[in-house]
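Enquirer: Got a structure here, written out as structure tokens. Questions coming.
The values are calculated or read from the model by the stated rules, or taken from the named source; none is laboratory data. Not measured: the values here are computed from a predicted model. Here the Cβ positions follow ideal geometry from the backbone for every residue, glycine too, while neighbour counts run over all protein chains shown. Just so you know, the surface numbers come from the protein's heavy atoms only, side chains and all, with ligands and any DNA or RNA stripped out. Shrake-Rupley method; radii C 1.70, N 1.55, O 1.52, S 1.80 Å.
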Amino acid sequence: ETARELVKYIAEVVALNPEAIPARRSTDRLGWTGRGWRAFAPYCGETVYDGDDSFRAVYAAVAERGNYALWVRTMRILRGNSALFRLVMAASFASPLLEPLNALPFVMHLWGGTGAGKTVAGMCAVSIWGNPGKGKLMWTLDNTHNFFCQAASFLRNLPFFADELQIVRDKWGGLDKLVMRLCEGIDRGRAKAAGGTQETKQWCCAFLFTGEEPVSRTASGGGVKNRLIEVQLRDGDVLVPEGNRVAALVTAHYGGAGRRFIQGVREKDMDALCERYRALQREIMAAKDTTDKQACSMAAMLLADELACETVFQGDAPLTVAQVLPYLTNAREVDAAGRAYDWAVSWIARNPLR
């Protein structure tokens, strides 16, 4: 209002000189951009960030720092010691594959007692892409549902890591609604005060959660169970020995694997990757009585591990279907009616005198 003529003048100068003014490609989020699965922000040349300031630090955190060879050596040792650690890393690698494969988002949740290295394992998985420090690419679950949707839509195809489930269990009374909302891959619609609707946020990524208790409950619906790969760490299970040392290492050396992995994916024939993905899914369904959604999520992780062995951990043998079968949920455990029947039979068996 106070500089109307100046604004009009600048607008006219811009309109009259489109060829003289330098143009730069910009983006307001991470992940795949454009068509053909060939451009992935921030790995697509001179693309600059031009989005919400609240996520500018997160965008900058997706970068390469430190000694890549040292990071690979450390991760290779940890992967060799634990198939579950490899699966956590595979979930992170699988995140950018979900949209090209037309797969659904999923949640992988590690739960168990303290000291098992759950948080450090998640930090290692996030360090594939960038800085795993708090406020960078790592959050706690103590946020609103709206924040989760906003952050997921910004990450778009990169994994979402949130720590410490137990701090929100009492506040929310359960996470079924959050799991269903995140795995739908689309935010709720909102109207504008002036009329019309706001742009609906979307995402297609993997979610990594950790905590001291499970996400699902006995009363959780089949849809929640179906979208969860929930792993309990028993007493004595340690994902990451020397957790403090490894945590310090991945906060100083990170981000190199993500760029190389995406470059490897871009060089692949996407139709061939989709066919391999479907073959893994069929192999899983033949080996275990599980659901289609569970098989889809696990097939994406197995395919991601195969690609990681080609692009990052050259020479390593990929995970096999037999190694991951224990982490899949049986079809009967997903079915709410089946679980209700089993509970009733168990309750009767516990009360034979009544």
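Enquirer: Per DSSP H run of n ≥ 4, the term is -39500 (n - 2.57); total these for the chain, divide by its residue number, and report the mean residue ellipticity at 222 nm rounded to 500 deg cm²/dmol.
Expert: Per the formula, -14000 deg cm²/dmol.
Enquirer: In whole angstrom, how far apart do the alpha carbon centroids of the range 293-354 and the range 34-48 sit?
Expert: Cα centroid of the range 293-354 versus Cα centroid of the range 34-48: 34 Å apart.
Enquirer: Then there is this: Heavy-atom accessible area per residue, the range 1-78, 1.4 Å probe: how many Å²?
Expert: 70 Å²
Enquirer: Between (i) 22.6, 77; (ii) 22.2, 66; (iii) 22.4, 90, which entry matches Rg and Dmax of the Cα atoms in Å as derived from the coordinates of this structure?
Expert: Computing Rg and Dmax of the Cα atoms in Å and matching it to (i) 22.6, 77; (ii) 22.2, 66; (iii) 22.4, 90 gives (iii).
Enquirer: On to the next question. Put 227, 188 in order of accessible area, largest first, 1.4 Å probe: what do you get?
Expert: 188, 227
Enquirer: Please return the longest range in the chain lying between exposed loop sites, taking GluC sites (Glu not before Pro), DSSP loop only, at most 10 other beta-carbon atoms within 10 Å, and leaving the sites out.
Expert: Excluding the exposed sites themselves, the longest stretch runs over 200-354.
Enquirer: Taking springs between alpha-carbon atoms closer than 10 angstrom, which of 326, 18, 96 fluctuates most in the Gaussian network model of the chain?
Expert: Highest fluctuation among the options: 18.
Enquirer: Determine the sum of side-chain charges near residue 223: Lys and Arg each +1, Asp and Glu each -1, restricted to other residues whose C-beta is under 12 angstrom from that of residue 223.
Expert: For residues surrounding residue 223, the net value is +2.
Enquirer: OK, next. Leaving out ligands and nucleic acids, and using a 1.4 Å probe, what accessible area per residue does the range 98-236 come to in Å²?
Expert: Per-residue value: 39 Å².
Enquirer: Sticking with this structure for a sec: For the range 204-237 and the range 260-277, write down the distance between their C-alpha centroids in whole Å.
Expert: 29 Å
Enquirer: How do 32, 139 stack up against each other in accessible area, from largest to smallest, with a 1.4 angstrom probe?
Expert: 139, 32
Enquirer: Give the angle, between 0 and 90 degrees and rounded to the nearest 10, that separates the Cα long axis of helix 83-94 from the longest principal axis of the Cα atoms of the chain.
Expert: 30 degrees
Enquirer: If you don't mind, another one. Which percent of the accessible heavy-atom area of the range 1-109 goes to carbon and sulfur, probe 1.4 angstrom?
Expert: 53 percent
Enquirer: Hey, what angle do you get for helix 270-287 against the long axis of the chain, alpha-carbon based, 0 to 90 degrees rounded to 10?
Expert: Helix 270-287 sits roughly 10 degrees off the main axis of the chain.
Enquirer: Given a 10 angstrom Cα cut-off, can you work out which residue in 216, 127, 153 is the most mobile in a GNM of the chain?
Expert: 216
Enquirer: Can I ask one more? Ranked from highest to lowest mean number of other Cβ atoms within 10 Å per residue, what is the order of the peptides 314-321, 20-27?
Expert: Ranked from most to least packed, the peptides come out as 314-321, 20-27.
Enquirer: If I compute solvent accessible area with a 1.4 Å probe over the protein chains, what percent of it on the range 112-243 is carbon and sulfur?
Expert: 46 percent
Enquirer: Indicate, rounded to the nearest 5 percent, the antiparallel portion of the DSSP beta bridges found entirely in the chain.
Expert: Roughly 25 percent of the DSSP beta bridges within the chain come out antiparallel.
Enquirer: Next up: Which one of 11, 121, 39 has the biggest mean-square fluctuation once the chain is modelled by GNM with Cα springs under 10 Å?
Expert: 11
Enquirer: How would 54, 92 rank on accessible area, largest to smallest, probe 1.4 Å?
Expert: Reading off the accessible areas and sorting them downward yields 54, 92.
Enquirer: For the range 200-324, what is the relative contact order in percent, using Cα pairs closer than 8 Å and at least 6 residues apart in sequence?
Expert: It rounds to 22 percent for the range 200-324.
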